[in-house]
Amino acid sequence: MPERARPPDPQIRTLAQLKAATMACRECPIGEIATQSVIGEGLLKPRLMLVGEQPGDQEDLQGHPFIGPAGKLLARALEAAQIPREQTFVSNAVKHFKFELRGKRRIHKSPTQREIAACHHWLEDEIALVRPAGLVALGASAARSLLGRAVPVLANRGQWLPRPDGLEVLVTLHPSALLRGDPEQREPAFEAFVADLRQAQRLFGR
Ligand code: SF4
């Protein structure tokens with residue numbers, strides 16, 4: 001967990017207040033170009049809080065996390081791992097959608113380390129409100145934000161890594177990495193992703 005860019009905001013006591021604060025945030029350049037901020041959704045005090053990188057095109061337009069193709073793949077993987085999605089909370093390390101225009105298409109662009117760091121205090125405020133028993137880092141940007149250092153995802157996937165606050169982080173790939181991968185390897189890659197998520201089952205009493 002990196003050092004916070006600033007202390008917790010005492011005015012933020014609800015997710016609605018977090019949404020309003022991130023909507024107004026311009027602490028990095030991404031806030032200027034996105035339609036709206038997208039914070040997490042799901043159960044409070046869940047067994048698991050899953051954290052991805054940033055909202056995508058659909059998420060930016062509709063204001064909900066993990067509703068696009070990667071979200072659908074994540075839902076399928078959670079079901080295969082027998083993790084009830086309704087008992088989780090899903091969010092992102094960065095709260096606005098970063099993209100570049102190619103013609104009329106908005107193409108995802110990865111946030112820089114500086115942008116991830118700028119958004120980190122909002123993620124920690126969110127974790128404090130949600131109070132999960134464990135965290136899942138979906139991809140390198142989420143792992144960096146949650147653990148405060150670069151984490152080689154392939155070398156650490158399926159493992160729980162501790163944070164100084166006592167919360168543990170299960171590291172795995174972002175589902176969009178599976179969508180971008182070799183189509184012939186898609187099924188084994190999906191099975192490996194599900195195997196990583198199964199490591200979370202101990203939090204569900206299995
Ligand atoms: S991405 Fe995060 S830090 Fe950047 S403007 Fe949006 S809420 Fe603020």
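None of the figures in this text is laboratory data; all of them are computed from the coordinates on show. Quick caveat, the model's predicted, so the values are computed rather than measured. Heads up, the Cβs are rebuilt from the backbone with ideal geometry, glycines too, and the neighbour counts pull from every protein chain shown.
Below is a table of values for the structure above.
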read-out	value
Assigned charges on the beta-carbon of Lys, Arg, Asp, Glu; segment 1-143 dipole about Cα centre (debye)	200
Amide H partners (placed H, <5 Å) of F99, local residues excluded	K109
Inter-label distance for D182 and M23, nm, one decimal - labels placed 7 Å from Cα along Cα-to-Cβ	4.6
By average C-beta atoms within 10 angstrom, highest first, the peptides 173-181, 149-157	173-181, 149-157
Within straight-line cross-link reach of K109, lysines at Cα separation under 18 Å, skipping those fewer than 8 residues along the same chain	K95, K98
Segment E100-T112, length gained on full extension (0.36 nm per residue, minus Cα span)	2.9 nm
Neighbourhood charge, 10 Å Cβ-Cβ cut-off, centred on G134 and excluding it, Lys, Arg +1 and Asp, Glu -1	+1
Prolate/oblate/rounded label for segment 20-178 (Cα gyration tensor, a/c 1.5)	rounded
Segment 15-201, relative contact order [Cα under 8 Å, separation at least 6], %	24
Under 13 Å from K104, Cα to Cα: aspartates and glutamates that are on another chain or at least 8 residues apart	D57
For peptides 17-27, 87-97, 189-199, sequence by mean Cβ density within 10 Å, most packed first	87-97, 189-199, 17-27
Peptide ranges 65-71, 39-45 listed from the most packed, as the mean C-beta count within 10 angstrom indicates	65-71, 39-45
Reachable aspartates and glutamates from K45, criterion Cα separation under 17 angstrom, eight or more residues apart if same chain	E86, E124, D125, E126, D165, E168
